[in-house]
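Before any comments, here is the structure.
What follows is calculated from the coordinates using simple rules that are stated; it is not laboratory data. Quantities reported herein were computed from a predicted structural model and do not represent experimental measurements. Glycine gets a Cβ as well: all are built from the backbone with ideal geometry, and neighbour counts include every protein chain shown.
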Amino acid sequence: MNIRRWSVGVLAAALFVPGLAACKTEADSPTADSKSTAPAVPADPKEALAASTKEIQQGNFSFAIKGGEFNGDGKVHMPSKSAEMKMSSGASAADDISMSMHLVFIDTDSWLKLDLDGAMADAIPGFKATKGKYQHLDRTKIKDAKELNFDFSDVDPAGSDKMIKAITDVKKTGEGTYEGTIDASKAADSDLLDAETVKALGTKATAVPFTAKLDAQGRLTEFAVQVPAAGAAEAQTVTVTYADYGTATAVQAPPAAQVVEAPASIYEMFKG
């Protein structure tokens, strides 16, 4: 899943619908299960953060991402080789449309539920035929569409390990809390800081502030990047939180009665 690309701007361009606007919504940050055991947290701040993502790679957790043009949450459950991601944009009274999406991945199968609301929703070609339905995706047609795929060999939806490797300065600020800076130019392949964002930052990209939180077992529970203003983009904080380590549950396939095959327009939308 390429989460940064699931932005209102990208979807608006894909659908050729003007006037879409995102509205941030606040969600409670998940908290990590404190019962499981883990090695002692390294005293060195950078080593502690580097070790904090190891549990993520086990692929059994829930997560939430907020900031920028999207808000989302989901879970990964490697024992069943399943994952899901739900995302939404809010809409103010002045907006013509809002959207919400639910992506489901189970082994080699995947489904997309795309809901659009607002005055312009029904004007989108082909939308009425799939409204309220999960669209079953032909994996051979989306192999190059990162937005519609999930890599079970790299299960972190935000690429926190990539950002931690790009840390240039860090200090411990309290029990399980850290702050510092990252060289964003070395983390442009993470989903919280894509290449387009990094390019817009220019020289600011070499020292982007971040904060991080670990639980008592040293597992990452929050990583927040304070992205400076760049060009027309305002300053923003993009945050990923992790929870339910080792206790996530398998993702269920949509009910058959709610599934249709994805039309050609969906594959065209995410070409290239």
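At a glance:
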quantity	calculated
Value of D in µm² per second that Stokes-Einstein yields for region 175-272, Kirkwood Rh from Cα pairs, at 37 °C (0.692 mPa s)	196 µm²/s
Calculated FRET efficiency for the pair T237/Y267, C-beta based, R₀ 30 Å, to 0.05	0.30
Net length gained if the chain between D151 and A195 were fully extended (0.36 nm per residue, minus Cα distance)	13.9 nm
Length released on extending from Q258 to T168, taking residue separation times 0.36 nm less the Cα-Cα span	27.6 nm
